[in-house]
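Asks: Take a look at this one; I'll ask things after.
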Amino acid sequence: MLLLSLTLFFSSWNTFVYAGSQSKGENCTIGNNRLQFGTYQFHSDCDAQTYCSSQGTCELKGCRKDQYPFGYLPDAYIPPRCPSGQFCPDESDACQPWLPVDSPCQLNRDDQCEPPPNWQELADTSQWANVTVGQPCEVENTAYVAYAGTNEFVDIVSRGNCQIGSYCDSQSLVCIKTKQLEETCDADKECLSFNCLKKGVCGRGADSPKHFGIWVYVMVGVGIFGGMFATLIALFLIHRRQRDQEREKRLQYWLEQNALRQSIMQMKEIARTSILSLGNGNSNRSTVCSRAGSEESSTPMIQHSVHKSSGLRQQCLSDDNGREYD
């Protein structure tokens, strides 16, 4: 693994410095066209928008195989895709017609082969994928370097020329029927679901929908309605608490106002009593300020303002002083 890491490092460093930087019209070497070690990505001396022509210069690409090609600006010219019956090679120089059976082709480019009902590109050759179960077959194992965080591992892609529903065993080179769920397996290609679990049995496919029991839907419904009712109850309790607080405030305000009114009434009574207590209560002077025997005895002494109480008191006092002078 250490040797593989060092190889990838020096290979990528060499590529970064010398390769893939030539633009249109600059010199290039066709012999440098290759598949990158580990990733098997096509690489040449030219940049992402050009290819190395037979004249040894970089020219604009004449076709593309991807829907969204890499290395182009939003407003840049993008070469067209090939029509039906043709394919765009890795070099992307020009569209070429489909290749018949037994013709050489590029790695993992099934789209280069003429597509019969069951075709396959294997060992860089277009072949029929029609070998039945129990018959000898051919297998191609390609090791790719994959990365997970700071770690790297080898991902082996195995391809064979067996019919659909079977796979080519790498040891016996014989087509074997693909296995069902929970059957023992050693690789993904052995399972009908194409998913061999770590415990060595075929599991459900990664694209298989997950079905839940009825109890799950019941629990979800109960949770939804329970949450709704809990929210309503919580809001009711909160609002009731707020109403109680407001009611308590209004009660305290009424008690304060009532106590203030009682204090004012008491002050009025004290003022009236103090005025009546001056001199003899049976004299004419006391009857002037007395409330008894008068039609206005039931009316309060202070009707409009506090200043009238002071004026009345001064009047009674001045009357007493005048009579003393007599």
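All of the numbers you see were taken from the coordinates with simple rules; none came from a lab. This structure is a prediction, so every number in the text was calculated from the model and none was measured. Here Cβ is always computed from backbone atoms with ideal geometry, including for glycine, and neighbour counts include all displayed protein chains.
Asks: Equivalent ellipsoid semi-axes for region 210-279, as square roots of 5 times the alpha carbon gyration tensor eigenvalues: give them largest first, rounded to whole Å.
Replies: Working: eigenvalues 910, 5, 3 Å².
Semi-axes, largest first: 67, 5, 4 Å.
Asks: So for the pair TYR68, GLU248, with labels modelled 7 Å out along Cα→Cβ, what separation do we get in nm?
Replies: Result: 6.2 nm between the two label points.
Asks: With label points built 7 Å along Cα→Cβ from the Cα atoms of ARG81 and ILE224, find their separation and express it in nm.
Replies: Once both label points are built, they end up 4.0 nm from each other.
Asks: At 7 Å along Cα-to-Cβ for each site, give me the label-to-label distance between ILE233 and GLN55 in nm.
Replies: So the label points at ILE233 and GLN55 sit 8.5 nm apart.
Asks: Would you grab the residues whose amide H sits under 5 Å from the one on THR125? Only those 5+ places off in sequence or on another chain, please, with H modelled 1.01 Å from N.
Replies: CYS105
Asks: Between THR132 and ILE156, what's the calculated FRET efficiency when r is the beta-carbon distance and R0 is 35 Å? Round to 0.05.
Replies: For R0 = 35 Å, the calculated efficiency reads 0.90.
Asks: Using the Karplus equation 6.51 cos²θ - 1.76 cosθ + 1.60 (θ = phi - 60°), what ³J(HN,Hα) coupling, rounded to whole Hz, does each residue of region 188-200 give in order, writing x for Gly and Pro?
Replies: 4, 5, 6, 9, 5, 7, 6, 8, 8, 6, 5, 7, x
Asks: Please report the relative contact order for region 56-210, taking Cα pairs under 8 Å with a sequence separation of at least 6, and give it as a percent rounded to a whole number.
Replies: With pairs under 8 Å counted, the relative contact order is 12 percent.
Asks: Taking the convex hull of the alpha carbon atoms in region 129-179, what volume per residue do you get, in Å³? Present the calculation step by step, with values, prior to reporting the outcome.
Replies: Working: hull volume 4.4 nm³, N = 51.
In region 129-179, the Cα convex hull volume per residue is 87 Å³.
Asks: Expressed as a rounded percentage, what relative contact order does region 136-175 have, with Cα pairs under 8 Å and six or more residues apart?
Replies: Details: 61 pairs, mean separation 17.5, N = 40.
Relative contact order, region 136-175: 44 percent.
Asks: Counting only Cα atoms, I'd like the Rg/Rh figure for region 66-184, Kirkwood definition for Rh.
Replies: Ratio of gyration radius to Kirkwood radius: 1.06.
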